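All remarks here apply to the structure that follows.
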Amino acid sequence: MGAPGSGKGTQAQRLEKQFGIPQISTGDILRKHLAEGTSLGLRAKEIMASGGYVDDETMLAIIRERLSQPDAAKGFILDGFPRTVAQAEGLSKLLTELGTPLDAVVLFEVDTEQLVKRVSGRRTCEFCKKVFNVNFAPPGGECVPGRTEHSLVQRPDDREDTFKERLRKYEEDTRRPVSRYYAYTGLMRTVDADGEIDAITQRLLDTLKAGSGAVAAPKKKRAPQRRAKPAAKSRARKVVRRTVRKVAKKTAPKRKVKRKVARKPARRARPTRTRRKSKR
Ligand code: AMP
């Protein structure tokens, strides 16, 4: 999970290489449909161009079909899915059916100013499909055989107006509600996704190692890490912490409450009178 431009695609591709499991990007799947002119592509075109979300039923059908492919049997990285609580619920049901529970849900947190810079500079090569950034990662390397230069285009939904709407939609329908949904499962991991790509990958891997499985692992002693900037300490983290505390409170075994018997206040011993010595 992460806002548009938070780098979830870039990091998912790195995990794909490292773990040998496919990155499943619902945005990429939709763009492929669009390029091929399928009926789904035609339907999604306007929605994507306006920064809205494609309906949950369609998205769940896409994921069901994709997860049934053999390369997903060993595991998978979902990128940009689920984006709504309904999708998260549908995914939970589907994964129960398939017997492949999630190991972690990662939330990428990036400063809005940084997001704008990243998205406004993002360009894709029409031919080799590599993604560059004119502000941070200028085009380089090889294109497809026979081409010496990349041909860069901007994603229509990366233009300013659409981007703002995507960001609004993400805040409203995804970040808060979906992270709340997963907070109860103990799977949520928040990654400060500001900074160098390599450093973010390291943080992501550390977070995944620190706690996998259904319950967050207890904190281990680790080498001191770079402290997160205050700006990156998001509201989402607070919500997660608050919810975890609530759950812990609810699930804690109830102690027998001893009835308090009101004790009579002990009588104060009368102060012994001391005779004043006469001044005389
Ligand atoms: P992305 O490449 O992940 O930023 O996705 C691009 C666009 O595809 C989004 O702005 C949505 O319009 C659409 N999209 C991708 N994934 C989903 C999803 N899980 N639910 C609804 N719409 C999606």
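Can you give me the ranges of the helices (runs of 4 or more DSSP H) entirely in the range 1-85 with at least 2 residues that are more than 30 Å from Arg203 (Cβ to Cβ)?
Numbers: elements: 8-19, 26-36, 39-50, 56-67.
Qualifying helices (runs of 4 or more DSSP H): 26-36, 39-50, 56-67.
Given the structure, is Gly2 within 14 Å of the ligand (Cβ to nearest atom), at pLDDT 95 or above and of a type outside the set (Lys, Arg)?
On the way: within 14 Å of the ligand (Cβ to nearest atom): yes; at pLDDT 95 or above: yes; of a type outside the set (Lys, Arg): yes.
Criteria met by Gly2.
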Starting from residues that are within 15 Å of the ligand (Cβ to nearest atom) and among the basic types (Lys, Arg), keep the ones in the range 131-161 and report whichever is nearest to Val54 (Cα to Cα). Arg155
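Quick grid of which residues meet (1) open to solvent by 80 Å² or more (accessible area, probe 1.4 Å); (2) touching a residue at least 12 places away in the same chain (Cβ under 8 Å); (3) in contact with a helix residue (DSSP H, G or I) (Cβ under 8 Å, 6 or more places away or on another chain):
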residue: Ser68; (1), (2), (3): yes, no, no
residue: Gly75; (1), (2), (3): no, yes, yes
residue: Thr84; (1), (2), (3): no, yes, yes
residue: Val110; (1), (2), (3): no, yes, yes
residue: Lys117; (1), (2), (3): yes, yes, no
residue: Arg122; (1), (2), (3): no, yes, yes
residue: Thr148; (1), (2), (3): yes, no, no
residue: Glu160; (1), (2), (3): yes, yes, yes
Go through the residues of the range 52-74 one by one and say whether even a single one is touching a Ser or Thr at 6+ places or on another chain (Cβ under 8 Å) and within 30 Å of Glu196 (Cβ to Cβ). no
Out of all the residues in the range 21-31, is one or more at pLDDT 95 or above, open to solvent by 70 Å² or more (accessible area, probe 1.4 Å) and among the hydrophobic types (A, V, I, L, M, F, W, C)? no
Can you find a residue in the range 44-65 that is open to solvent by less than 70 Å² (accessible area, probe 1.4 Å), in contact (Cβ under 8 Å) with a residue 60 or more places away in the chain, at negative phi and touching a strand residue (DSSP E or B) at 6+ places or on another chain (Cβ under 8 Å)? no
Pro101 meets each of (1) open to solvent by less than 70 Å² (accessible area, probe 1.4 Å); (2) touching a residue at least 60 places away in the same chain (Cβ under 8 Å); (3) not in a helix (DSSP H, G or I) with one exception, condition (1)
Just to verify a result, which residue in the range 162-196, among those that are more than 13 Å from the ligand (Cβ to nearest atom) and among the basic types (Lys, Arg), is surrounded by the fewest Cβ atoms within 10 Å (Cβ to Cβ)? Arg176
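For (1) within 10 Å of the ligand (Cβ to nearest atom); (2) at pLDDT 95 or above, each residue gets a yes or a no:
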residue: Ser39; (1), (2): no, yes
residue: Asp55; (1), (2): yes, yes
residue: Ile62; (1), (2): yes, yes
residue: Val85; (1), (2): no, yes
residue: Leu94; (1), (2): no, yes
residue: Glu113; (1), (2): no, no
residue: Thr124; (1), (2): no, no
residue: Lys129; (1), (2): no, no
Yes or no: Glu89 within 30 Å of Glu160 (Cα to Cα), within 14 Å of the ligand (Cβ to nearest atom), acidic (Asp, Glu) and not in a loop (DSSP other than H, G, I, E, B)? no
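The values are calculated or read from the model by the stated rules, or taken from the named source; none is laboratory data. Only a predicted model underlies this, so the values are computations on that prediction, with no experimental measurement involved. Please note: Cβ atoms are built from the backbone with ideal geometry, for glycine as well, and neighbour counts cover all protein chains shown. For the accessible areas, the whole protein counts, side chains as well, though only heavy atoms, and no ligand, DNA or RNA atoms are used. Shrake-Rupley method; radii C 1.70, N 1.55, O 1.52, S 1.80 Å.
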